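Heads up: the structure comes next, in structure tokens.
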Amino acid sequence: MSRSEYDERIEPGAGSDWHSKPLEDVYAERETSEGGLVSSQARERLERYGPNEVEAEAGTSPLRILIEQYSSALIWVLIVAALVMAGVGHTIDAAVIAGIVVFITLFGFVQDYRAEQSIQALKEMSTTYALVRRDGEKREIDTTNVVPGDVLFVESGDAVPADARLIEESNLSVDEAALTGESVGVSKEVGTVEEDVALAERENMLFKDTVVERGSGMAVVVETGPESEIGQIATALGEAEDRETPFQAEMDRLGKIIAGVVIFAVAVIAIAELVVGETAPLQVFLTAVGIAVSAVPEGLPAVVTLSLALGARRMADQNALVRRLPIVEALGSVDVICTDKTGTLTEEEMTVQRISANREVYEVTGTGYDTDGEFLQDDESVGEERVADVLRCGMLCNNVDVGTRERDEDEAEATESGEQERTYLGDPTEIALFVAAQKADFDHEELTAAYPRLSEIEFTSARKRMTTVHETPDGDPVAYMKGAPETVLERCDRELVDGELVDLTDERREAIEAQNEDFAEDALRVMGFAYRPDVPDDQVDEPGEDLERNMVFLGLQGMLDPPRPEVTDALAASLDAGINVVMITGDNAVTARAVGEDVGLRSTTVITGPELEEMSDDELADVVEDVDIFARTSPDHKTRILQTLQAMGHTVAMTGDGVNDAPAVKNADVGVAMGIRGTDVTEQASDIVLLDDNFATIRDAVKGGRRIFDNVRKFVNYLLSGNGGEVTMVFTGSMLGFGLVITPIQILFINVVTDGIPALSMGVDPPAKDIMDRDPRPPDEGVITNRIVTSIVGIAIFMTVCLLPLFTLNFFGELIPGYDVMGALFGWSPGYEPGRELAQTMVFTGFVVFEIVRIQAIRYRYGLGLFTNRWLVIAVAVAVTLQLLVLYTPTGQFLFDVEPLAFVHWVQIGVAAVVFALLMAVFVKVQDRYFERY
């Protein structure tokens, strides 16, 4: 899109400057005060501004899902064919076609409806409340009734109900990941900030649907509902158009081509037989119907739908819920995956990875909130006592709450810890310190019992530190401090080294600062720790600044949200498959680059959001293919990156979780939402929901998509080449004056039963061994390639060449009228009564045998042996059995106008099949010289 179009889009935060105005101006513009509103004002504003809610995209109605099943041109060709057959009195044929149409549409409806219901089930519908000041007193109200001008109160665990400007705060930190993508909570403070700062840096603002991690605050509501930052994103989402997948476009184009072939073939035959020949009009009409039925692959929609449905089911088993069936195939053409960092590439659980204590550095093993881990130095385990003091400080100077979560029955059976699971409530940084101490066998209850807390100086963004006072087991008070390393260090005059207190020299200060910088360069978030053993009596119960002096430095802890263990291999497999992976995150550039290096991104060049803002569309297009990391991005940056990649011809899968991601997810070729931490709006905008929020699942889904596309291409080749043979055979027989060489009902039986059943089983063919070693197919390459077109034409000719002699031999009693070739060659006469019904039966059965031969010829190119798909073996056996039932039962003979075949007939069909196989083998060798393998 052009730069002007980009500027005109809704940019979250672009149109609001509440953060940069003096608080008095905010009060004035919202006609309120610190005392809040009165009830009459609130009612009037609720009518003026509307409810404080953001409408997510409505779910698709069952009627719409059903109507969409009739959008395929192939379906309408089948409907017309059924009407034509009914009109000429062929009610059985018409009923069979109508039944096929009903089956296809109902099957597609059931699958799409179930997917929609699954998405709706993911939504957690619950009423939430907000605490506001109304009529001079605090009052709890439904969040939908919050209006601009309300004075709002929030505390730890609350979801912020609206956009609001801070009035007061106490140790307030807010998780804004759903809006900004930041993995670490944002500390809030009262004041004003520059007008042009990014959304993630507006420390004096609270935003709707973010979550308070710790502390409390009071704020004045400035925007609600659609006018909130999240509301603006939802509005942009509603304006985005639904994208048609390449596969949907291909199937629609295929249906139109087939319809055109039908019209052309019927017109040529009608003209030839009515103008040139002397055929009766009814016979001409029946021949035209035969051509039409031959051209339409009746089983194709059912096979495609079932193949996609089976693929969707396999993906669901791998934690990927498909919302739209055609998108399953589109995954196979993805050549760029734009992914979040937090929770997708990483664990979304801050983990202490390095500790500096006793003038040494130790590595900490284990990831996430798993309390199993070791402390290593030079890859060798060391005793916990080397890091015990700094870990004890981290657990005591900490406000994490420990709770439990009920396990469901499956989880309880899979674990040995019963039906309860321990959970941690609090700031991710404090949780990381808490878990690190547990790795050294510190028990929280025992430690707090031994060191009960007496008082606390809270952490604030201005102080950048927290201090707590405890009673030791000896009865003496002790103070523990944690905070930004530079803030802690300036309060220390000694350090603890191997159990002894030593003076903190300038040289040691420089060494500690250098160690802090080393940790930070590795993208670790670093905290400093100190304690004071000699707490003055007047600072025990009411501690102040005097307590935070003469501290003893204990060490540093560096933490990081670590990559998921399976991501590195999954990302490497994606790169090997020709799929580039781009990380787009709200985190800072240093952290983003470190994670990119850890997981193995192709390039660790980083472009930040502010840098992106300064780039024109042309400048972005010049570098976007070479940059794998975008940091400090806003929601609209994500959409701009996506659209630039799409404009350059890439097929892009975009992941997202927060509401801020919804527009980009909806506009992507494949939109992927996170099922665990994803919001309703993003899930509704997506094509696929990852139930485990894992990048490896995306890799598996892409592999599944490629497998499905291969299988679709195989059975499209199989069905269309067979139908091409039928059209050519009927057309040639008509032009030679033989009339119908095979009846429409026999063609239907072949297309739906003896072709359709094996084609269905090809939908579960295993993947080719090289499936993830190929580059993604070009975006403009459809299911039908030049190779498949030549196959359709070539196979049609070979089928006709091999089957037409069977018809003439059994129609006239001679292979060539007037010359008994069979007798001349083999010395025997057929010995049966020739005629049209027998000749049609031979062509009918010959087609079935030829198609079975054709199946393995197609699969052989994908490296698949005859018995690699047991369902195909069963399907072929079923198809042969059904054909025999048609030939040798009275009911089958009556319905399909066939005669039972003798041994000599099977000999003839066998000879023809061998010739057909040889012709195909030669033809494939020729194709290999001019076309790609697939």
message: Just to be sure before I move on: is Asp598 at pLDDT below 90, touching a strand residue (DSSP E or B) at 6+ places or on another chain (Cβ under 9 Å) and either among the basic types (Lys, Arg) or part of a helix (DSSP H, G or I) (or both) in the structure I sent?
response: yes
Top-ranked residue of the stretch 711-759 - restricted to ones that are of a type in the set (Gly, Ala, Ser) and part of a helix (DSSP H, G or I), ranked as farthest from Leu882 (Cα to Cα): Ser734
Of residues in the stretch 316-332 being surrounded by fewer than 22 Cβ atoms within 10 Å (Cβ to Cβ) and at pLDDT 80 or above, the one farthest from Asn723 (Cα to Cα): Asn319
- request: Enumerate the pairs (first residue in the stretch 781-798 and at negative phi; second residue anywhere and among the acidic types (Asp, Glu) and surrounded by 16 or more Cβ atoms within 10 Å (Cβ to Cβ)) with beta-carbon separation below 7 Å, excluding pairs fewer than 6 apart on the same chain, so at least 6 apart or on different chains.
  value: Gly782/Glu250; Val783/Glu250
query: In the stretch 101-144, which residue that is out of contact with any helix residue (DSSP H, G or I) (no Cβ under 6 Å at 6 or more places or on another chain) and of a type in the set (S, T, N, Q) is modelled with the lowest pLDDT?
result: Ser126
task: For the stretch 140-180, enumerate the residues that are charged (D, E, K, R) and over 29 Å from the mean Cα position of the chain (by Cα).
output: Glu140, Asp142, Asp150, Glu155, Asp158, Asp163, Arg165, Glu168, Glu169
message: Looking at the stretch 711-731, can you tell me whether even one residue there is within 25 Å of Ile263 (Cβ to Cβ) and surrounded by fewer than 21 Cβ atoms within 10 Å (Cβ to Cβ)?
response: no
query: Tally time: how many residues in the stretch 463-505 are of a type in the set (A, V, I, L, M) and touching a Ser or Thr at 6+ places or on another chain (Cβ under 9 Å)?
result: 5
- line: Flagged in the stretch 487-519 as in a helix (DSSP H, G or I), exposed (fewer than 15 other Cβ atoms within 10 Å of the Cβ) and not hydrophobic (A, V, I, L, M, F, W, C), in numbering order, are Asp506, Glu507, Glu510, Glu513, Glu517
query: Right, Glu44: among the acidic types (Asp, Glu), modelled with pLDDT of 70 or more and either at positive phi or not in a helix (DSSP H, G or I) (or both) or not?
result: no
- request: Identify all residues within the stretch 213-230 that are modelled with pLDDT of 90 or more and assigned to a strand (DSSP E or B); write none if there are none.
  value: Gly217, Met218, Ala219, Val220, Val221, Val222, Glu223
query: Going by the conditions given, is Ala98 surrounded by 12 or more Cβ atoms within 10 Å (Cβ to Cβ), at pLDDT below 90 and more than 40 Å from the chain's Cα centre (by Cα)?
result: no
- request: Hey, could you check the stretch 324-349 for residues that are part of a loop (DSSP other than H, G, I, E, B) and of a type in the set (D, E, K, R) and say which is farthest from the chain's Cα centre (by Cα)?
  value: Glu349
- prompt: With the stretch 520-593 as the region, which strands (runs of 3 or more DSSP E) entirely inside it contain at least 2 residues that are farther than 28 Å from Val336 by Cβ?
  reply: 525-532, 551-560
task: Specify which of the listed residues (Ala511, Ala520) is among the small types (Gly, Ala, Ser) and either touching a helix residue (DSSP H, G or I) at 6+ places or on another chain (Cβ under 8 Å) or not assigned by TED's automatic domain parsing to the domain that holds Glu360 (or both).
output: Ala520
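The values are calculated or read from the model by the stated rules, or taken from the named source; none is laboratory data. Remember, it's a predicted structure, so these values are computed and weren't measured experimentally. Neighbour counts run over all protein chains shown; Cβ positions are idealised from the backbone, glycine included.
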